[in-house]
Each structure stands twice: as C-alpha cells, then as structure tokens.
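See structure below.
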Amino acid sequence: MFRLLLIPIFLLLLNACTAVTSEVRTTIEYAFKDGEDAELSQEKIDAFPYTSLYAQWSEKPRSLIVLGYVNKPDDWHFITAEKETLVLRNGRIIRTQSLSNNLLSVSNLSDDPLRCIVTNQTECKTRWQRQYDIELNNKMVSRAVTSDFSVQGSQTLDLPIGPVTTTRVVEKGWFELSGKRFTNEFWLEDDGHVVKSKQTLFPGGNELTLTQVTWIGRDYSESRSARKEQQGQEAQ
C-alpha cells in the first residue's frame, strides 16, 4: 500500500523550499489512517503545496503519493514512504521501484500515442509496439506488447480539484508471449496532460488507478470556483 513521503531534499528539487509544516504533517497523518482511503478536504487541497496523486491498486485502500522530482524533460518521479517509486511519462507509468513486481523499462516511448493522440490526432499513430523489461516473481523477463488506441470523446471528470473537461482515450493491448489482454484508460486535457488513468503494468497484474489531486503550475481556479459554488448550493 502506498504511503506518502515528504522529505526536504525532494522539496528542494521541486523548487519548493518551504519546510514541511505541522499543518501538512497533520494532513499526512490524517490521510493515512490504517485501512482507510486517503482523502484531502477541499480546503487542504487548495492549500497543499505539492503535486500529488491518489493511487489505488484494484480493491486496496487509496493512498496519496507526492512528486519527488522531475528528470528533464518528461519523467515525473512519485515517491512513497516505503521508498517505492512510480515514474510517469505522458501520464503512463514507465518504471517502478521497490514494488513486489517491478517494471524496469519500456522501449519505443517516442511512439507512445499518448504524446499526440489528443493534440495532433490526425497524424498520430494509433498502434504502438514496444518491449517491457519486468522483474516478475523475482525473475527478470522481457515481454513484447502491442496496443491499439481509440479516442472515445469528451468527458467531464469530478476530480478532487473540481470538474475538469477531458478526452477519454482507451488503449486495448496484449502481451504477445502469453496472449494476456488488458485495457488501459486515460483522461487527457486539451494540451495532452493526463489527469486520470487506469493502467495494467504486468501480465495478469492488478489495475492501478491514478487520479490527480494537485498539480503545481497548472491553473485550476475555474474548477475550484465551480466546486465551491456546488458546495454552496448543496449547503443551502
């Protein structure tokens, strides 16, 4: 189960030199009560100074994970208290560390349709072939993977930050050696930024859902206003 890790050196790498305050520590402790889904209130989301996601494996409790650092240009490293790491590029998990099974590398990332399927749909290829290097049951294996992508249309998501208009993209893939099939889903904003995803990393593995909670540097003021207005109407 994911836990939140907030260490000053990571915060410096985020260009956020603010120390972890007692208020944030209290928020972290609340978010990780044993056996409960992590959930930040709207007030704490508005004040939370770090990029963060909710992460949930299948039926496991949901946890909050925080951006540790970014490898230029595109690799975003999210860190957990157990020193687990999820590395995302274009919203896709491309590497993990310290899980029971780990995705070590993904080839041909430059052809991942997530780079262009919303921003340049007419010229974006919708079939993607690559190799996964996996640490699976303490063995190192390579698996060829093929996926076909389709755009399913516009969908408004009620995210923790507020309602966000997205384009839903469905990826139907298969591991060629075993024939095991999987379906990934991604919800992208107009500029290609992924705000939510459901991903399968290993043959026969559990599905991981990632949901954006906060993203420093992106303006969601309208979403926050809409959320506050909705809360006000519900309170009446």
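Bear in mind these aren't lab numbers, they're just calculated from the coordinates by the rules spelled out. Just so it is clear, the model here is predicted, and its values are computed rather than measured. Cβ sites come from the backbone with ideal geometry, for glycine too, and all protein chains shown count toward neighbours.
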FRET efficiency, L177 to V70 (Cβ-Cβ, R0 41 Å, nearest 0.05): 0.75
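Counting Lys and Arg as +1 and Asp and Glu as -1, each charge on the Cβ, what is the dipole of region 77-119 about the Cα centre in debye, to the nearest 20?
Result for region 77-119 is approximately 80 debye, rounded to the nearest 20.
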Segments 68-78, 193-203, 207-217 sorted - mean Cβ within 10 Å per residue, highest first: 193-203, 207-217, 68-78
Approximate shape of region 66-177 as ellipsoid semi-axes (Cα gyration tensor, √5λ), whole Å, largest first: 25, 21, 13
Contact order normalised by residue count of region 132-227, Cα under 8 Å, 6+ apart, percent: 22 percent
Normalised contact order of region 62-205, rounded percent, pairs of Cα under 8 Å and 6 or more residues apart: 15 percent
